[in-house]
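The values are calculated or read from the model by the stated rules, or taken from the named source; none is laboratory data. Note that the coordinates shown come from a computational prediction; the quantities given were computed from them, not determined experimentally. Backbone-built Cβ (ideal geometry, glycine too); neighbour counts: all protein chains shown. We work out accessible area using only protein heavy atoms, side chains counted, and drop any ligands, DNA or RNA first. Shrake-Rupley method; radii C 1.70, N 1.55, O 1.52, S 1.80 Å.
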Amino acid sequence: MQPYTQPRNHAASRAENHALSVTELNRQVKSLLESSFLTIHVEGELSNVVKASSGHWYFTLKDRDAQVRCAMFRNRNQYLKYQAKNGDKVVVRAKVSLYTGRGDYQLICDYMEESGVGSLQQAYEELKLKLQQQGLFDQAFKKPIPSHPRHLGIITSPTGAAVHDILTVLKRRFPSLPVTLYPTAVQGADAAGQIADAIRRANEDARCDVLIVGRGGGSLEDLWPFNEAVVAHSIFHSEIPIISAVGHEVDVSIADFVADMRAATPSAAAELISPDQQQILLHLQQIQQRLIRAWQRNHQQRLQKLQWTRARLRHPGDKLREQAQKLDDLELRMQRAVRLNIERQKQQFSQLQQRYLRCSPLPRIAAGQQRKHDLEHRLFNLMRTQLKQNSLKLSGLAATLNSVSPLATLDRGYAIVQDEQGKVIQDINQITPQSNVETRLSNGRFLSRVTQIIKE
């Protein structure tokens, strides 16, 4: 690496001030790292394991306070008996290097062996065993999932891919199914508490008859809120049946064991609980076609029977005509009955369609908005009435206060006499001759001197 030196003067040549390109810098750093470290052994926990289609493995090796990117190429990992998994604690033999394309320092591994189970994986296994012993996984406590749900509740992140996948499936299969989203964090330290609170709120609302709890895929750390005891107990004590749809098909969480049903993905959960609208329509069409075929067979049989009767009963003519007329009547009655049956089936189909349309939340929203408007109007009238009553009460209190005020007494012709210290004179013995007094009237006051005292 070329060290940077301060130019000796402004006339220095461009060659002496040559700046490294980013590529040259990364190449020199890579060379320095690879020459400074020999083969080393590093122990840590596997995370973010990616097995590329090329056969190469890319993963992160971490401990409590730090992490490092790693790569293990196909020509090395194909000889391993061990298959890398998130959460496993391993020891790798590697060389320190640098990926020049990003400037990231990394380990190039040529061997890996399992050292033990990672802390998260160990906590997962311990909690799984504890909850299993408590009976939270028992099939006896599993609630049945409704085959035709009336209202679906979704507990997941409002911005994640899971809710989009679920709604996409429902739009395709059964768009008239009402859905309520209970938004919550699905990743991070506070996510487990929020998920448990969302399950509690859904049970308090009591509007849904089935819940989907889940999120999209991620690492073991990302999915960890669904491995918390508080979430497991909330699912177990929920009165509403719960389908757990956490991560991808290979991801299995504690929530999957406690839930009433486990779905491999959020999309699979939507497929499980939503009846296929096209299949329902197809089933109705098949019923209609079977009715038509049955009518046609019945009609054909009666025609054949009529022909056989005509062939046998050629005499007497009157009876034959009577029987023919009776057969015609039966044929007409049969046709009317078939038409009525078909109309009845069509009416039932129309009623089903109307019931699906009535499941829309728009009328409920409109009714809620009207109720909100009525409550606001009642609150305004109540505030106006209360303000008027308080104003009248204040006027009455002011009048009462004025009636007992000493100033009102002065207005009626009375006076207040005080001595030189400002004390009110209430007894003749409080003054002496030649003392000064102050007399207060309603519109002023005056000073006087006592010249004579007359006792009565």
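Which numbered condition trips up Arg314, out of (1) at pLDDT 85 or above; (2) outside any helix (DSSP H, G or I); (3) of a type outside the set (Asp, Glu)?
Condition (1) is where Arg314 drops out.
Going by the conditions given, is Ser274 within 29 Å of the chain's Cα centre (by Cα) and within 19 Å of Val186 (Cα to Cα)?
It is false that Ser274 is within 29 Å of the chain's Cα centre (by Cα) and within 19 Å of Val186 (Cα to Cα).
Is the range 220-231 home to any residue that is of a type in the set (S, T, N, Q) and in contact with a helix residue (DSSP H, G or I) (Cβ under 7 Å, 6 or more places away or on another chain)?
There is at least one residue in the range 220-231 that is of a type in the set (S, T, N, Q) and in contact with a helix residue (DSSP H, G or I) (Cβ under 7 Å, 6 or more places away or on another chain).
From the set of residues in the range 345-375 that are assigned to a helix (DSSP H, G or I) and of a type in the set (A, V, I, L, M, F, W, C), which is surrounded by the most Cβ atoms within 10 Å (Cβ to Cβ)?
Checking each candidate, the answer is Phe349.
Might you check whether a residue that is small (Gly, Ala, Ser), part of a helix (DSSP H, G or I), open to solvent by less than 100 Å² (accessible area, probe 1.4 Å) and at pLDDT below 90 occurs anywhere in the range 323-338? Before you say what the answer is, go through the steps one by one.
So the first thing to find is which residues in the range 323-338 are small (Gly, Ala, Ser), and the list is 324, 337.
Filter once more, so that each one left must be part of a helix (DSSP H, G or I): 324, 337.
If we keep only those that are open to solvent by less than 100 Å² (accessible area, probe 1.4 Å) too, we end up with 324, 337.
Filter once more, so that each one left must be at pLDDT below 90: 324.
Yes, there is a match, as at least one residue in the range 323-338 is small (Gly, Ala, Ser), part of a helix (DSSP H, G or I), open to solvent by less than 100 Å² (accessible area, probe 1.4 Å) and at pLDDT below 90.
Run down Lys305, Lys319 and say which single residue is assigned to a helix (DSSP H, G or I), open to solvent by 70 Å² or more (accessible area, probe 1.4 Å) and modelled with pLDDT of 85 or more.
Details: Lys319 fails: modelled with pLDDT of 85 or more.
Lys305 is the lone residue from the list that is assigned to a helix (DSSP H, G or I), open to solvent by 70 Å² or more (accessible area, probe 1.4 Å) and modelled with pLDDT of 85 or more.
Which members of the range 351-362 meet the condition of being under 18 Å from Leu152 (Cβ atoms) and either of a type outside the set (A, V, I, L, M) or in contact with a strand residue (DSSP E or B) (Cβ under 6 Å, 6 or more places away or on another chain) (or both)? Give the steps one after another, and end with the answer.
Filtering the range 351-362 for residues under 18 Å from Leu152 (Cβ atoms) gives 355-362.
Matches in the range 351-362: Arg355, Tyr356, Arg358, Cys359, Ser360, Pro361.
Of Phe73, Phe59, which residue is at pLDDT 80 or above, within 30 Å of Gly217 (Cα to Cα) and touching a Phe, Trp or Tyr at 6+ places or on another chain (Cβ under 9 Å)?
Phe73
Residue by residue through the range 23-38, note down the ones that are among the hydroxyl-bearing types (Ser, Thr, Tyr) and without any contact (Cβ under 8 Å) to a residue 60 or more places away in the chain.
Selection gives Ser31, Ser35.
Could you please find all residues in the range 180-221 being touching a residue at least 24 places away in the same chain (Cβ under 8 Å), open to solvent by 40 Å² or more (accessible area, probe 1.4 Å) and under 26 Å from Val50 (Cα atoms)?
Gln187, Gly188, Glu221
Do you know which of the residues in the range 132-142 that are touching a residue at least 12 places away in the same chain (Cβ under 8 Å) and open to solvent by less than 50 Å² (accessible area, probe 1.4 Å) is nearest to Val210 (Cα to Cα)?
Checking each candidate, the answer is Lys142.
Picking from Val258, Val246, Val231, which residue would you name as being in contact with a Leu (Cβ under 9 Å, 6 or more places away or on another chain), free of Cβ contacts under 8 Å to residues at least 60 places away in the same chain and open to solvent by less than 40 Å² (accessible area, probe 1.4 Å)?
Just a single option satisfies the conditions, and that option is Val246.
Take residues that are out of contact with any Asp or Glu (no Cβ under 7 Å at 6 or more places or on another chain) and modelled with pLDDT of 80 or more and tell me which of the strands (runs of 3 or more DSSP E) falling wholly in the range 395-456 contain 3 or more.
436-441, 444-449
From the residues in the range 114-131 that are under 29 Å from Asn75 (Cα atoms) and either of a type in the set (Ser, Thr, Tyr) or touching a Phe, Trp or Tyr at 6+ places or on another chain (Cβ under 6 Å) (or both), which one is most open to solvent (accessible area, probe 1.4 Å)?
Going residue by residue through the range 114-131, those that are under 29 Å from Asn75 (Cα atoms) are 114-118, 121.
After this cut, where a residue has to be either of a type in the set (Ser, Thr, Tyr) or touching a Phe, Trp or Tyr at 6+ places or on another chain (Cβ under 6 Å) (or both) as well, the list is 114-115.
On the way: Glu114: 99, Ser115: 54 Å².
The residue in question is Glu114.
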